[in-house]
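The values are calculated or read from the model by the stated rules, or taken from the named source; none is laboratory data. Treat the numbers as computed from the prediction; the structure is a model and nothing was measured. Cβ placement follows ideal geometry from the backbone for every residue including glycine, while neighbour counts extend to all protein chains displayed.
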Amino acid sequence: MADELSPWLDRRALDNRGTLLGVVVDIYADVASRRAQWLAISTGFFGTRVAVAPVRGASLLGDDVIIAHDRETITSAPTVDVLVAVDPGQQQLLVDHYARTTNKPNELLKEVQK
């Protein structure tokens with residue numbers, strides 16, 4: 001499934017309100033299932049920081065990838081050090097972080113669908 005999302009690489013990533021987050025620079029798959037789980041988004045000045053956001057709820061809208069969370073939630077996610085995959089400990093930190101936040105329906109997609 002990670003290969004199916006490869007067209008998402010190098011696209012702008014927006015939060016669920018349409019705020020620019022950065023650029024999708026990598027897709028991390030679950031080691032066991034090989035399914036895409038996380039998107040790495042280059043953020044900050046000159047893309048010096050990488051935020052990790054869940055694939056679940058994300059979608060493609062035109063040339064942009066829309067993430068199902070707001071900017072604050074995404075940029076406050078735990079920083080993970082990954083080379084190929086998110087290890088189980090790091091994944092649990094991310095799962096816990098996103099589980100504590102309110103995953104509102106994608107406001108931007110709802111607006112476009114009107």
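Exactly one of these conditions fails for Ala99: (1) modelled with pLDDT of 85 or more; (2) in contact with a Leu (Cβ under 9 Å, 6 or more places away or on another chain); (3) aliphatic (A, V, I, L, M). Give me its number.
(2)
Before we move on, is Glu72 charged (D, E, K, R), modelled with pLDDT of 85 or more and assigned to a helix (DSSP H, G or I)?
Yes.
Might you let me know whether region 38-51 holds any residue that is assigned to a loop (DSSP other than H, G, I, E, B) and at pLDDT below 85?
yes
Can you tell me which residue in region 1-38 is surrounded by the most Cβ atoms within 10 Å (Cβ to Cβ), limited to those that are among the β-branched types (Val, Ile, Thr) and more than 16 Å from Thr75 (Cα to Cα)?
Here the answer is Ile27.
Would you mind finding the one in Ala68, Ala58 that is in contact with a Gly (Cβ under 7 Å, 6 or more places away or on another chain) and crowded, with 19+ Cβ neighbours inside 10 Å?
Selected residue: Ala68, the only one of Ala68, Ala58 that is in contact with a Gly (Cβ under 7 Å, 6 or more places away or on another chain) and crowded, with 19+ Cβ neighbours inside 10 Å.
Give me the residue from region 2-23 that is part of a helix (DSSP H, G or I) and acidic (Asp, Glu) and, out of that set, nearest to Val86 (Cα to Cα).
For region 2-23, the residue satisfying everything is Asp3.
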